[in-house]
Structure formats: C-alpha cells, structure tokens
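Trainee: Below you'll find the structure I mean.
The values are calculated or read from the model by the stated rules, or taken from the named source; none is laboratory data. No experiment lies behind these values; they were computed from the predicted model shown. Ideal geometry is used to build each Cβ from the backbone, glycine not excepted, and the neighbour counts take in all protein chains shown.
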Amino acid sequence: MDKIKGDTFLDVYFIGSIKSFNIRVDHRDKKSLNIIKKNIEEKLPSIQNATERNGLTLCWVSNDEYLLLNQKKENDTLLKEFQRQMNLTTGVVENTTDLRVWFLIKGNRALDILRKGVPLDLEKSKISKSNFLRTRLGEIQINILFKSLDEILVSVLRSHKDYMIEWFEVCTRRGTEINFDL
Amino acid sequence: MLNIYCPICQRDCDETELSCGGQAHLIRRDHASSDKDFYEYLYERKNGKGIIFERWRHVYGCGKWFHTARCTLTNQVFGSYSAKEVQPPKSILATIRRSRVDFKGWVK
Amino acid sequence: MSSRLPQEGSRINREKTVDFRFNGKNLKGFYGDTVASALLANNEMFVARSFKYHRPRGLFSAGEEEPNALMGIGEGPSFEPNIRATEVKLRQNMNVASQNHWPSLRFDFLSINNVFSRFFAAGFYYKTFMWPRAAWKYLFEPMIRRASGLGNAPSEYDEEYYEHIYHHTDVLIIGGGLAGITAAKALRDRGLSIMLCEKDCVIGGRYLEDSKIEERDRYKKFHEKSIGILKKSKDISVKLNTTVTGIFDHGFVLAYEENQHSNKASKKALWKIRAKTMILCTGAIERPIVFPDNDLPGIMLAASVRDYMQKYGVLLGDRLVLTTNNDYAYKTVIELKHRGIDIPVVLDARDSSDNPIIKEAEGLGIRILFGKCIGRVEGKRKASAIGICSVNGEGTIEELIPCNAIAVSGGWTPNVNLWSHCGGKLLWDGECGFYKPDPENTPTGREGETNMLALGACAGVFSNYDIQDHVPRKINQLASRLKIKSKRYIETNVFSKESEKKTKPVFALPHGASKDKQKRMYIDFQNDVKVSDLQLAVQEGFENVEHAKRYTTLGMATDQGKTSNINGIHVLSQSLGKPVDKIGHTTFRPPYKPIPLGLIAGQYAKKLFKPVRKTPIDKWNLLNNAIWEPVADWRRAYAYPKGNEGLEETLSREVLSVRKNVGLLDSSTLGKILVKGPDAGRFLDLIYTNMISTLKAGKCRYGLMCNEAGFVFDDGVVARLNDQSFLCHTTSGGADRVYAWLEEWLQTEWHHLKVFIVNLTEQYSQIAVAGPKSRELLQTFKSIDLSAEKLPFMNFIETNIDDIWVRIYRISFSGELSYELAVNSNQAEELWNKLNKVGKKYKLQPYGTEALHILRAEKGFIVVGDETDGTVTPHDLGMEWIVSKKKKDFIGKKAFSLPHLNSSIRKQLVGILTLDTNKVLPDGCHAVEDGKAIGHVTSTYFSPTLKRSIALGLIENGRSRKGSTLEFEISSKESIFAKIVDPNFYDPEGAKQDG
C-alpha cells in the first residue's frame, strides 16, 4: 500500500487491484438469484448499499448488476465454483479484477476530499457505513465504498490510475481543507 | 444545472452524471416499414415548448436508461419513469395536470 | 484633496504598514486597506481613464458597483487586468496599474477621443469604418485593435490555484447583512442545514456604520450577540469572502470564494451549491443622480464617502457638497460635519422635508437648499466647484460654490440580479423608483415550487426596524409552507423606528437640461453612455429597451449597469413618453460580477485538464522513446524512433520488420465487450450487418456495425467463446460508445432478449505479435502448439505462456501471419517483457500506431474514422459481402434499401496511386473534375513495403473509374495526378496471413 506523496491533510493510499467480479443477474430468474444467495450472501444488498461477510463484499450497482469483491484468498475455490454455476444460467459472473484500481482514503476529512469532485450530497448524517456509490469525481467515473466516515475505499478504471493519483496529490495538499468561517 | 431523480438508483443525480438521449417513446421502424415512416423515425423530432418527454441515461452511475417529463420553459420536472414504458404512465400525466391545468395530454 | 484621517477606520490596522506601487509610484497604506482606500489616502483621486472618451475618472464608490477604477493588479504570472480597486485588499509589494491610456494616465494621447466625441456618439461604429474597403486591413483594424478593450491581457500562465467544491444545503442565505443574520437566527434549530454566504470579510451589513451615536452601543451588543449565536449553532455554516455569482436551475448556485489574506494554498474556490430554498438578502446599491459633468474625479456616492471614512479613515475631501433626493444621504454630511469637515451646501431635489435628520443637519449649521441640483461642475481633472441650478428649468447657474468633493445620492436600488437569473420577475415600484422582486412570480425549483424568498433592502424594505420586523414573520411563514418543525421565531427589535419621507424618485437633473448639458450627463460611466446617447437611440428608432441597451452599450460593461440601469431606463422612458413599467428592463445574467476564467476550470487545468488513459505498456513506451498519439482519451505509441532516426526511417524500419521478421504492438485499447445469454447470438445478428449467430465456438469473424441510417460506425472481430458467450472487439475510440449502444438497445427496445453484456475493455490487454516469424517466436514457449492445423486463421485458443493465462487469436490487421494475445491487464507488462526478451533472437521490433496504419492500408483494410465519416455505407466501401441477405432484420437493413443509399454518384472506396511514386497525397485532399470536387483522400502514406506512395479515398462512382487518372488539387497552384486502382496493394490473395 503506497501512500500518495506530499504534505497532505489526510492519508490516501494506493492499494492496486482487489479481486473482483462483475455479476449480472435478472431478478426474475430465481435460479441464478439463488446461486448468489447460497454462495455469497443470503440477504442481498439494498439499493446504494453493500453487504460484507467473510471477506466477500457484495455491492449493489444497478437493478441487474452487482460488484463482488474478495479480500480473502481462502474464498478462491468457492468463487470459482460460484462462477461456474452462474455461467450455466442466464446470469453472468465475470472476472473484472484487472480493470480497476483501488485507493483508500483515511482521516476525519475523508468526506471533504470527495466534496471536491463528487456532485452528490455527502452530508455525514446521510452516509452510512455500508454505502456503495457509483458516481462521478471531476471528469471520471468512480466507485465509492464506505467502510466508515473516516475510511473510504474508492476505485477508478485502471487506465485512470495516474490521473487519480495526480488528482489526490493536488486536492489533498495541506492548506486546501474546506473550512467555514466564524 | 438540472437535478434529476434516477428511478433505478432511487436518488437525485446531478445533470453531469447523466447523458441525454433525446425524445422518448419513439417507435422503431424496421425493414418492413414504409419509406415515409422510416424517414420520420430517423429524422423527425418534436421541439416542444412546454412539457416534453425525454430519455436520460445514468452513465456515471447505474448505467440505466429512464424517462422524464420536463417543461422546457421552466425546467420543472414532473417525474422519472422506466425506459420500458412505451407511453408516459398515468401517474406522471396526473402530476402534470395538477400543476398545468391546460395540459392537453401526451401526443404520440 | 483626499487624505487619511489621524484616527478611525474599523477595517485597518494602523500598526501594520503596507508598501505598494501605483503606476510606478511607491506609496504606503495599512493592512486592511483596499487598493481604493489606499489610493485615496495618498491623494490619488485621478486614477483611471474612461473606455471610449478617455475622460479622467476617480473612485465613484467603495464596493463592487465601482464603474471607474479598474486596475491591472500584480505582475507576470499573477497579473490580472480589470480588477475593481474597491475590491482588492492591499498586499505587501502589490503592483497596481491603471489601464486604457497611452502613454500614461496623466498624458493620454487617446484622450483626443474626447475632443472629437461628437463623432463618437453611441453606435458610431455602425456608421463609420466602411469606406474605403482597403483601409480596413492597414488602417481601421490596427487602429481599432489598439484602442479597443479595457485592460491588457496577461501574457503568462495564471499560477493561481483554483478549486471546485460541492455543497448541499437545505437553505442558502445570500448576504450577511441585517436581513441575512436575522433569517439565519430565525431558521436555526428547525432541523435544517443552513449556509450563509457573505461577500465581504465580515458580516453585519450597514447597521453599525449607519448607527447614530446614541444607538451605537445597543447595535454593537446586538451584533456581538448575533455573531455568537451563529457561531454556536451547529445548523449554520457561514462562508465569508464568498460572493454568490449565479443562480441556475433546480436550486443550483455558484459562489466565488476569494480569501485575500489567507496563506492557505487554496485562495480561490468555486462553490457549486445545491440548495432547496434560497433566501435573498443582497441589500441595495446606491444610485446616483445624473447631472452635467457628473463623472469627474471627486464625485462619489454618498454612502461610499461615509464608508471610506468609517472603515478606512479616509476622507474624500475637506470641502464637500451633497446633492440628494432622500433623507438617508444626510447621514454622510452629518458624520463629516462631526469630524470638522466643511459642508458648504446640501442640494435637495425635493420641495421640502421636515424629518428629524434634516433638523439635525440644520442644527449643525449646514445650509440646505430644496428644489435645487447641480447644473455644472468646474474642474478639468478634479471637481473644484459646482454651479447650483433649479431642479426645474434648463439649468441656468444661480450660484457657484467652490468645493473639492461632491457626494451624490439618488436613492437605493434593490440588488435583484440573482432573483432574475433563474426566472424570477420584477415589479416596478413607481413611488420609490426602482424594480423589486415580484413575490407573485418567484424563481421556481424542480417541482415548480417557489424556491427563493427576498428579504430586506433587496425586497424594498430599507429601514432596520422594518427588517427586524418583517424577516421573522416571513421566515415563520416559510417554515409553515415547508412544513418544517415550526416554533415561531420572535426577536426583540433593538432598532429605532425611523420615519422616512418617501424618496421622490429623480434620475437626471435638471429636468429640462439643454441639449448641450445632456451631452455631458453621464449615465453609464464605464461605457461612456450619456443622456444624449439614449435620446439618439430613440431618435434612430431603437426604442425597445433591449435595442437601446445594445445600441448605446448602456449596462453592458463589467459592472452590468449596477449604478446606471435604473437611471438609463428612466431616461429612456422620458424620451419615449412611456411609463417605466411599459419599458421593462434588460436581462440579468450570471456572473453577478466578473470571475476569473481559471475559476471555472478549477483544479481541472494543466495536468488534470484531461484524464489521459494509459495502457499497462505505457511505462515501457515512455522508457523506449515512444512518440505519443492521442486516440480518444488514450495515449498510444505512434512510433518508437531509435537513435537519430528521422520519422520516415523509423516507420520504414517498423513496417519492414513486420513484413520480414516479427513486430510487437500494444493493442490494449481495443474495446472488448462480453455478450452472454441464450439470446446473445440473436442479439448480435440484429447489431451487426453480417451473420454472427452461426459462428462456431473457438472461431472469430470480422463484423461491421451500422446505425439505423445505414452508416458504418464501428467494426471489429467477434470471437465465440462458447454456446452462449461472444466477445466483441471494437475500435479503441468506439469501446464506450458501442457498449452504450448495446445497452441502449437491450434496455429500451429489445428488453425481452435474455442477454447481458460486460465491458471488459480494461480487463484484458492485447498484444499483437505479427510477421512471418511470429509463430516461431511464440512456439519457443514450450506450452503452445500454434501449427496451422492447431490454430488456423480466424480461430483462437486459450493457453498459458509460462504461468500467464492468454487467449491467442489468429487474426491479422497487417496482412502477415499474426497473433493477438489477450492477457489479464495485471500481467500484461510481464508478458510484454517476456516477448521482448525471447524476440531478440528473431529481431523483434515494437511498432506503433502509424506503422500499424501503413500495414493495413497496404492491404486496403478500412479504419473506421478514416475511410468512414458517419456518411459511408458498407456498399460504399465495397463490402457488400458483409451485409447479410439472409437475416430478416438488423440495424441498417431498411436504410440500405433506400434509393439515395444506392445511387450511382455515391462515393466509393478506391485505391489511389500517384503517377509520381514519390509524391504522397496530402490527407483529405480533393479530386477535381470539370471544376467540381468529386471525392477525397481518406488515408495516405509512403509505403516502405512497396517503396512508393499509396492512398485510399472515397471517389464518386469510384469503382467504375478503375484505371483512369484523376487530378488532385493541392492548392491553386499545384495538382498531383493519380491513378484509381483496387484498394488492395499488397498480397491481394492473402497468402501470407493464411499461412
């Protein structure tokens, strides 16, 4: 985990790839839906949320798409089988590990840094621990997974890695904190 | 800068997260159609002064298409609904009528 | 003569001196001064020249409404032109320069414009500079370019750091004066998030400065208590130095934060705010009375005179007269009198006024004349005396009064710009003589609901007492309308009830001013628009307020008419004999006041301007001297020059190495889309022009995509992975577009099809190994058997190279024996390095996109975007074979049957060989026949393989012209002749790629 360089007002780490899968499933197809429920998570995440169990994070992307993240090597066999089963149905499970890179933002101004590029309402009271958002940061698309208000995982397309690092370097410089007066 | 509700993500989106797809409820004319119908499908579009129905894609988010009803004079938005609807649903038309008494209804 | 008072000045710190330069002169000011106050303190009264006539000008105000004192501030990378001196805080060693004069402020050659002003009346440029035509290039244009514009454009890159910040709030209060502060206090503790933006560096508006001596302590206590409440309240976020500059749809607001004394890295931020409700508390701006010679230095708005004194301890002059039509302006002369300044006379345009403040002024010995105004001002560069005349009549001078400062007040205009930005309408108040927000026609939000409430002076409520009374009431109403936790807010009114006789609106005086005087009565200072100009506009038929504005340029300067719009509208109304509310007003547009371009860019400048996409091979490319080519957002290697090679040498080496040995290409940018499901084949049959569903697993097929109008927009190889899965390749630039296209059809038209797609463009990188030795090279890795039987042309296999998983496609874009290796992106660099190492034996050369294009052009293969431009059909390209005749329906089928897409004069793809083999046709040049352009060149190169130039082009009826020679016009002087041939120049049977 490399820390973004510079005198910054919070810590941003470059993590690299996290093993991930893109899941497409038709909710009307009970067969494929059950394969997910049995292997990954019984209670599927609600809109804009993610569930976590045993190193597997299942993130809601849209009404027929999930992003699955795996952070425990022990799950590899399970996932291989899961992928095989799903691909026999109308659903899809496809390895997308390499297509994005992840960063970790840590600090009590973590939300602040997102406010410099994300047009959404990031009010502390409106964010919960397991929120997963896919939205825009400045000029590029970004995935945001909230571990807590002070610990946020974000990912961008692999080809945007250098751009994202530069964006962080510029926008986290000490002295550019967002402050109110009085 | 419009702020539009995405019915799939169930949240408001900044216009910068979306991509506009033009007129909604077009009927696709295929190989069996007349030349006239086909020409209309390709090139003729409404240019409404007032309530229009248009398509949006939440390109920076869920990636899904949806429809909205919007007034081009005031930018009032009367609601967002599924891209699968071939015509504006009754609930949207009712919302429009509530604030625009002279609304004549959706014309194909 | 302006000067610094020995004490006083709430904004300045007399312990900290600041040095600065004005037009080369070294001057001193205090920390807290604005450039304006520091200039006045140093007796710099003549600080500018007007735009058109180059008239001497001085400071007219103390705020953003300043029309005259526009300065160039800073040097080199920090230089900014057209900055209002009243809005810049003085900084150590600041360089300040006046503008729009040559050679200097005092001796301005262009002030000759003033002498000939008769010929430079409004709209003069519509009537001049017409003849002779030849004079335009050498005389008029250079002359106009020198004279035009106000400031000088900066010549170096703006080094300022700008940033965008998003913020969402339930309530946005715009303005931190009495109305804004009261609104904030009234809205707190109701579960709302509140943001208050104040453009100044402190909140408090005018009530402290306006307070009478006996009120001072009471108001100060109120002020401190209010600040304490705002500080403590968790609901309220205050931003100082932040000017709200534009109101847009659905409660979107832009605000410009400019923190001038900060050492913070970020000094300028653009706040992008989304507010559910906005409370407009922007106050009012003082309006002048227009009178003859009213633009000389030494003439200033009455409240501004007082502002300089109270905030900066600066005196405009020690012998001051006041011309006014309202009681409020008397505060200025009373305060000055208290400080021992001589007030020879006050000219009040009203018939009479018996308010206490008049009595107070009289009590101090001030001479007040009612029904009088200024008929003339003496002085060339500074006011030195005024001539008194009657308000009625043509302005005969009755008495001359020497003075060195003139305070002007015609009343106050509610600051309604922001109300009007997004749909709010204005109401003309004839009694008060201004436009104010129409509460029946407010700006509306997304649901059509009212989303702005105007309070305080901007709504026409001026007295502090009235504001304290009406704001809580309006807020309570708002709360109940919004159905929020409504405890009624009550505040004790600490302000004194003032009795104010209604202002009698006057605009230009004297009422019957002679034509001669009208030529010297300035309405819009910045654009030098006089009363006579407006009358000229009416005379010439430009009666509509929009026309009159544009003809005279009234209100079109950088101050957007803040001190001139109302006066202008009224003069127009008089000239037309129409009531003002029938005249209307022009449109207010964002920004409220000028903002730097850099602010709009924010942090998205320089390196962050464009998100450049880089492949996994990018680092290697950088180390190996790659020349970059932008392809969509990607940067690809165009070529890899070695040593001192010229470009032609490099390309020749790269192309020939593919033809003779083996080359290596990074094609990671190609789109890769997985299409999976029981209906995948059916779906792809609808998307491509050819048959895809018949493709067998393990095989590839080239496919063409057209839009509904029948025009080619993408192409690529489709690989069938298994029964239900296809991997579709697209062009690099088309990946996202094709993905969106497929999703659109699946979601909005064919949602009954059971198909899912996944965009795997960046999951796989792709490396091409191309050339006669490619098979040999790849087979050095023990695990693969790539014999012609094992892997025929247009097939693929999955295997491992060492322990790297690869999918090897046998496809060729070069026409040679070639393989494309798909690998997971995280291992791409490793694979690339392995291939390079092993390839040394075979003289492997990496090649870039240009060599790639030459190779494919030699084979006549199209590139979407070169041979196609959105108007080209498969038939035009000679690719009838790819349009299925069996398929019932697919996108484009109907279009292909239309007559105009089958006409014989359509441009068709041909090969072009110049008669002179060394001449390379310029890209895009036109073929000409009988004086008509009949086609153009779409791709053109020097072919190292054929040792001559080659080109592809689209020529009318091209296929029937094979063998004939055409003329290609390069310029009016040069043509190149070339033969039309079949587009496949090299190995037309395709023996090499099939090997």
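Trainee: Give region C:526-536 a look and list any residue that's surrounded by fewer than 24 Cβ atoms within 10 Å (Cβ to Cβ) and hydrophobic (A, V, I, L, M, F, W, C), or say none.
Mentor: Within region C:526-536, just C:LEU536 meets the criteria.
Trainee: Looking only at region C:605-628, which residues are free of Cβ contacts under 8 Å to residues at least 12 places away in the same chain and surrounded by 17 or more Cβ atoms within 10 Å (Cβ to Cβ)?
Mentor: Answer for region C:605-628, where residues must be free of Cβ contacts under 8 Å to residues at least 12 places away in the same chain and surrounded by 17 or more Cβ atoms within 10 Å (Cβ to Cβ): C:LEU608, C:TRP628.
Trainee: Quick check on my filter: what residues within region C:868-904 are of a type in the set (Ser, Thr, Tyr) and within 13 Å of C:CYS706 (Cα to Cα)? I'd like the intermediate steps shown before the answer.
Mentor: Taking region C:868-904 as the starting set, the residues that turn out to be of a type in the set (Ser, Thr, Tyr) are C:868, C:871, C:873, C:884, C:897, C:903-904.
Hits for region C:868-904 are C:THR868, C:THR871, C:THR873, C:SER884.
Trainee: Any idea how many residues of region C:412-453 are of a type in the set (A, V, I, L, M) and assigned to a loop (DSSP other than H, G, I, E, B)? Can you show your working first?
Mentor: As a first pass, look at region C:412-453 and keep what is of a type in the set (A, V, I, L, M): C:416, C:418, C:426-427, C:452-453.
The next check asks that each one be assigned to a loop (DSSP other than H, G, I, E, B); those that pass are C:416.
Counting residues in region C:412-453 that are of a type in the set (A, V, I, L, M) and assigned to a loop (DSSP other than H, G, I, E, B) gives 1.
Trainee: Another one. Can you tell me which residues in region C:793-811 are among the polar types (S, T, N, Q) and either free of Cβ contacts under 8 Å to residues at least 40 places away in the same chain or over 14 Å from C:LYS699 (Cα atoms) (or both)?
Mentor: Taking region C:793-811 as the starting set, the residues that turn out to be among the polar types (S, T, N, Q) are C:795, C:799-800.
Hits for region C:793-811 are C:THR799, C:ASN800.
Trainee: In addition: Can you tell me which residue is farthest from C:GLY123 (Cα to Cα) among those in region C:541-568 that are touching an Asp or Glu at 6+ places or on another chain (Cβ under 9 Å), part of a loop (DSSP other than H, G, I, E, B) and of a type in the set (Val, Ile, Thr)?
Mentor: C:THR563
Trainee: Among the residues of region C:355-380, count how many are in a loop (DSSP other than H, G, I, E, B), within 26 Å of C:ASN392 (Cβ to Cβ) and among the basic types (Lys, Arg).
Mentor: Of the residues in that region, 1 qualify.
Trainee: Let me ask something else. Restricting to region B:12-52, and then to whatever is part of a strand (DSSP E or B), out of contact with any Phe, Trp or Tyr (no Cβ under 7 Å at 6 or more places or on another chain) and crowded, with 19+ Cβ neighbours inside 10 Å, can you tell me which residue is farthest from the other protein chains (Cβ to nearest Cβ)?
Mentor: The selected residue is B:CYS13.
Trainee: Can you run down the residue pairs with Cβ atoms below 8 Å, 6 or more apart or on separate chains, where the first is in region C:941-955 and more than 26 Å from C:LYS907 (Cα to Cα) and not assigned by TED's automatic domain parsing to the domain that holds C:PRO922 and the partner is at pLDDT below 95 and not hydroxyl-bearing (Ser, Thr, Tyr)?
Mentor: Here the result reads none, with nothing in region C:941-955 linked to a residue that is at pLDDT below 95 and not hydroxyl-bearing (Ser, Thr, Tyr).
Trainee: Which count do you get for residues in region C:35-64 that are under 30 Å from C:PHE116 (Cβ atoms) and in a loop (DSSP other than H, G, I, E, B)?
Mentor: Selection size over region C:35-64: 14.
Trainee: Looking only at region C:362-414, which residues are among the aliphatic types (A, V, I, L, M) and buried (at least 24 other Cβ atoms within 10 Å of the Cβ)?
Mentor: Applying the first criterion (among the aliphatic types (A, V, I, L, M)) to region C:362-414 yields C:364, C:366, C:368-369, C:374, C:377, C:383, C:385-386, C:388, C:391, C:397, C:400-401, C:405-408.
Of everything in region C:362-414, those that are among the aliphatic types (A, V, I, L, M) and buried (at least 24 other Cβ atoms within 10 Å of the Cβ) turn out to be C:ILE374, C:ALA383, C:ILE386, C:ALA405, C:ILE406, C:ALA407, C:VAL408.
Trainee: Out of all the residues in region C:952-984, which are of a type in the set (Phe, Trp, Tyr) and either surrounded by fewer than 17 Cβ atoms within 10 Å (Cβ to Cβ) or part of a loop (DSSP other than H, G, I, E, B) (or both)?
Mentor: Here is the first cut: in region C:952-984, the residues of a type in the set (Phe, Trp, Tyr) are C:968, C:977.
Passing the criteria: only C:PHE977.
Trainee: Anything in region C:573-595 that is farther than 11 Å from C:GLU543 by Cβ, assigned to a loop (DSSP other than H, G, I, E, B) and of a type outside the set (Val, Ile, Thr)? List them, or say none.
Mentor: Correct list: C:PRO579, C:GLY584, C:HIS585, C:PHE588, C:ARG589, C:PRO590, C:PRO591, C:TYR592, C:LYS593, C:PRO594.
Trainee: Of the residues that sit in region A:127-176 and are among the acidic types (Asp, Glu) and in contact (Cβ under 8 Å) with a residue 40 or more places away in the chain, which one is nearest to the other protein chains (Cβ to nearest Cβ)?
Mentor: Just the residues of region A:127-176 that are among the acidic types (Asp, Glu), to begin with: A:139, A:150-151, A:162, A:166, A:169.
Restricting the remaining residues to those that are in contact (Cβ under 8 Å) with a residue 40 or more places away in the chain gives A:150-151, A:169.
Values: A:ASP150: 19, A:GLU151: 21, A:GLU169: 9 Å.
Looking at the filtered set, the residue picked out is A:GLU169.
One line per residue, one yes/no per condition, for (1) free of Cβ contacts under 8 Å to residues at least 24 places away in the same chain; (2) closer than 26 Å to C:ALA822 by Cα; (3) within 14 Å of chain C (Cβ to nearest Cβ):
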| position | (1), (2), (3) |
| --- | --- |
| A:LEU68 | no, yes, yes |
| A:GLU74 | yes, no, no |
| A:LEU79 | no, yes, no |
| A:GLN83 | no, yes, yes |
| A:MET86 | no, yes, yes |
| A:VAL93 | no, yes, yes |
| A:LEU99 | no, yes, yes |
| A:ASN108 | no, no, no |
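Trainee: All but one of (1) at pLDDT 95 or above; (2) closer than 17 Å to A:GLU151 by Cα; (3) not in a loop (DSSP other than H, G, I, E, B) hold for A:VAL93, so report the exception by its number.
Mentor: Of (1) at pLDDT 95 or above; (2) closer than 17 Å to A:GLU151 by Cα; (3) not in a loop (DSSP other than H, G, I, E, B), only one is false for A:VAL93: (2).
Trainee: Regarding C:ALA933, is this residue aliphatic (A, V, I, L, M), farther than 28 Å from C:ALA768 by Cβ and not assigned by TED's automatic domain parsing to the domain that holds C:SER814? Don't jump to the end; show me each part of the working.
Mentor: Values: aliphatic (A, V, I, L, M): yes; farther than 28 Å from C:ALA768 by Cβ: yes; not assigned by TED's automatic domain parsing to the domain that holds C:SER814: yes.
The answer is yes for C:ALA933.
Trainee: A further question follows. Under the condition of being outside any loop (DSSP other than H, G, I, E, B) and not acidic (Asp, Glu), which residue from region C:502-525 is surrounded by the most Cβ atoms within 10 Å (Cβ to Cβ)? Working first, answer last.
Mentor: So the first thing to find is which residues in region C:502-525 are outside any loop (DSSP other than H, G, I, E, B), and the list is C:508, C:515-518, C:521-524.
Right, trim to not acidic (Asp, Glu) and you get C:508, C:515, C:517-518, C:521-523.
Working: C:ALA508: 24, C:LYS515: 10, C:LYS517: 21, C:GLN518: 20, C:MET521: 25, C:TYR522: 28, C:ILE523: 32.
So the residue we want is C:ILE523.
Trainee: If C:THR282 passes every condition in (1) in a strand (DSSP E or B); (2) away from chain A (no Cβ under 14 Å); (3) within 25 Å of the chain's Cα centre (by Cα) but one, which one does it miss?
Mentor: Of (1) in a strand (DSSP E or B); (2) away from chain A (no Cβ under 14 Å); (3) within 25 Å of the chain's Cα centre (by Cα), only one is false for C:THR282: (1).
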